[in-house]
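Heads up, the thing below is written out as structure tokens.
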Amino acid sequence: MSAQSMDQRDRPTGYLPEGADINRNIAARRLRGAIWQAIFVSSLIIGLLALATLIYTIVDDTFGYIAVQTKVDPEELTGGRPLEELSKEELIEILRANVSAGLFRRFDRDEPFSERSKESVLQLVEERVVGREVVAAYKLTESLLERERIEATVRERFPRAKLEFHSWINREFLTRPMSSVPILAGVGNAILGSLWVIAITMLLAIPIGILGGVYLEEYASDTWYYRLIETNINNLAGVPSIIYGILGLAVFVRALESFTSGAMFGVTDSNGRTILSAGLTMALLVLPLMIINAREAIRAVPQSLRQASYGLGATKWQTVWHHVLPNALPGILTGTILSASRAMGETAPLIVIGASTFVVFFPDSVFDKFTVIPIQIYNWTSQPGAQFRSIAAAAIIVLLVTLLALNATAILLRNRLRRNY
Amino acid sequence: MATAEFSSVNTLQSNGKYAVELKNIHIYYGAFRAVNNVSLQIERQRITAFIGPSGCGKSTVLRAINRMNDLIPGSRLEGQILFHGKNIYDPDVDPVEVRRRIGMVFQKPNPFPKSIYENIMFGPRINGWRGTKQQADELVERALRGAAIWDEVKDKLHQPGTALSGGQQQRLCIARALAVQPEVILMDEPCSSLDPISTLKIEELMFELRQNYTIVIVTHNMQQAARVSDYTAFFLMNESRAGELIEYGPTTQIFQNPQDERTENYISGRFG
């Protein structure tokens, strides 16, 4: 057989590049690849820019110069000692001497001095007597770049004020409750409120979510009603959170008020807008996520492990308990933590069920009024004034760091517990 | 034919010739008939090999013997599989008991992600084993010795079973099956993911196990079937893609003097 005839016989129809065309073709393909790669990189850069802008804005608002001015020099009041070192009685005396008798009686009526903590009296003294007042606040960028201009402006407009560099996020901010004066406000009770709500949410959502997931994945047969349930759960995971708020308002705040307000347990001074209602609502919100996540973790357990277990004469329950659940645990835990951070950042449903935006005391039972960090942020950003913007930014940092810590825990747990099959 | 409930029959007292009898079984996955009318008797304390090309239903038949197919949604069996004279597909038979007494070793070694010790003890524990720590140690050693892996792992009993080599993992899985003292051991291509040396070890092990257990093995490797088995069953897919039993008999006969032309073609490598 000659080479030519073979050539003709093997040649397919159509055109396949040959010779120099091969190189041209490869160059063209490489170019197309490079263009796509550039598009991928630019998408990433756009994302990073957005993130950088967010962080810059927050940090810019959180730190910077403030001009502080007091009505009275605190050292004149105390004879040189710092206010914090004074006893509660001394503080009460200072208060009595420096405010009108009517105002003093009103404070006592609001909460008798004998029952107030030292911190609460100290706060009254600082607010009413010392009157430490921030008259101007500046952003971080201007504080660093235009220091002379700021100093000149402050000297001119507030001759008595002192200029100091202030971090709006600090220990007092983390531990103090809400206040109408930005410099005295803190997220302490909001943090505690968030923790309470998350605790109740997780207490309910974890067991129900895992057990529901186990049932759907291991026990439920493939019938139309289970498929209907599955579809519903998947849809519920995508329902806007405010809908859950409305549900929570109707069911927990209103219909079950005697339970959620604690009236059933002898609590008399609250309505249904309590930590308990918030936790129950949030539990409903994250439950679909928990179930979906638990199912996925369970599905990821290799079928070969189940077969090995069944092959030894294990019952379904023994297989689930000894093999499926332990091996699904890392995945379930990860999803649980991610659900917790979702619940932690959620705002809309809590606004609907009536979270209080101005709570000055710390919650100490599930039947208390509450506020949470995102609600505080929402509240402060809607207030006029640079200082509120600054404490909102500080609260955002608190929230972000908390969420970051939660997610990091999820990743660590997953890596620690991941098993090799 | 004995009609007693098989759970009341002690292995050692039972002296019928056959451990398991398949009578006209048809296996369906939904509407699809995967196995068509298979009947065969599996002799006690012998090695029976199922051979045939891919998709011929040999694994499906094997898994029917300890009701592992039940785990596949939509699977269904017609006909009877007699174990101690009792149909294991009768409604009053618990598949858990069937699997407890008819053990299984899978194609891919699947040790639990636990220690070697825990791998062995899992079966006895879930099946209601009671005993001292010393008795447990003894049970573990006996099972591992039975699977000819004791010497290799005796110093690392508390290390994860998943850290062993593929061949060791497979022998660990055999040891795990032995620990619950089954009467029959089903092996679904136990050597298909192993190297030749590990394969040889498993084959030697099967010879030893044959003294106490009835073994049914599915294999793609005809040499293996010829080497280890006493009886061979040859399966083939029919026109409607259902597996059928073509020929069943002593291994020497199947390999040296097959009665069916299709068997001869397959054995001599002309198709499949």
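The values are calculated or read from the model by the stated rules, or taken from the named source; none is laboratory data. Everything numeric in this text was worked out from a predicted model, so none of it was measured. Cβ placement follows ideal geometry from the backbone for every residue including glycine, while neighbour counts extend to all protein chains displayed.
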* Some residue of region A:52-72 being modelled with pLDDT under 85 and farther than 30 Å from residue A:396 by Cα -> yes
Across region A:306-321, the tally of residues that are within 7 Å of another protein chain (Cβ to nearest Cβ), more than 14 Å from residue B:70 (Cβ to Cβ) and surrounded by fewer than 20 Cβ atoms within 10 Å (Cβ to Cβ) stands at 1
When every residue in region B:29-84 that is polar (S, T, N, Q) and within 14 Å of chain A (Cβ to nearest Cβ) is compared, the one farthest from the chain's Cα centre (by Cα) is B:75
Test result for residue A:360, β-branched (Val, Ile, Thr) and either surrounded by fewer than 20 Cβ atoms within 10 Å (Cβ to Cβ) or under 30 Å from residue A:57 (Cα atoms) (or both): yes
* Please verify whether region A:256-269 includes one or more residues that are under 27 Å from the mean Cα position of the chain (by Cα) and modelled with pLDDT of 90 or more. => no
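Matching residues to (1) under 13 Å from residue A:284 (Cβ atoms); (2) over 26 Å from the mean Cα position of the chain (by Cα); (3) not assigned by TED's automatic domain parsing to the domain that holds residue A:291:
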{"residue": "A:206", "(1), (2), (3)": "no, no, no"}
{"residue": "A:220", "(1), (2), (3)": "no, yes, no"}
{"residue": "A:230", "(1), (2), (3)": "no, yes, no"}
{"residue": "A:237", "(1), (2), (3)": "yes, no, no"}
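Tally time: how many residues in region A:270-290 are more than 9 Å from residue A:205 (Cβ to Cβ), within 21 Å of the chain's Cα centre (by Cα) and not charged (D, E, K, R)?
The number of residues fulfilling the criteria is 9.
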Screening A:360, A:352 for residues that are more than 23 Å from residue A:206 (Cβ to Cβ), of a type in the set (Val, Ile, Thr) and in a loop (DSSP other than H, G, I, E, B) leaves only A:360
For residue A:178, the lone unmet condition from (1) out of contact with any Leu (no Cβ under 7 Å at 6 or more places or on another chain); (2) part of a helix (DSSP H, G or I); (3) not assigned by TED's automatic domain parsing to the domain that holds residue A:344 is (2)
So for region A:118-125 (the condition being under 36 Å from the mean Cα position of the chain (by Cα) and over 29 Å from residue A:386 (Cβ atoms)), does at least one residue qualify?
yes
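Residue-wise test of (1) of a type in the set (S, T, N, Q); (2) surrounded by fewer than 18 Cβ atoms within 10 Å (Cβ to Cβ); (3) closer than 21 Å to residue A:66 by Cα; (4) in contact with a strand residue (DSSP E or B) (Cβ under 7 Å, 6 or more places away or on another chain).
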site: A:99; (1), (2), (3), (4): no, yes, no, no
site: A:116; (1), (2), (3), (4): no, no, no, no
site: A:121; (1), (2), (3), (4): no, no, no, no
site: A:124; (1), (2), (3), (4): no, no, no, no
site: A:154; (1), (2), (3), (4): no, no, yes, yes
site: A:157; (1), (2), (3), (4): no, yes, yes, no
site: A:163; (1), (2), (3), (4): no, no, yes, yes
Considering residues that are of a type in the set (S, T, N, Q) and either over 40 Å from the mean Cα position of the chain (by Cα) or surrounded by 11 or more Cβ atoms within 10 Å (Cβ to Cβ) (or both), the number found within region A:19-68 is 4
- Task: Answer with yes or no whether residue A:325 is touching a helix residue (DSSP H, G or I) at 6+ places or on another chain (Cβ under 9 Å), touching a residue at least 12 places away in the same chain (Cβ under 8 Å), over 22 Å from residue A:196 (Cα atoms) and within 14 Å of chain B (Cβ to nearest Cβ).
- Result: yes
Within region B:106-136, of all residues that are assigned to a loop (DSSP other than H, G, I, E, B) and of a type in the set (Gly, Ala, Ser), the one nearest to the chain's Cα centre (by Cα) is B:128
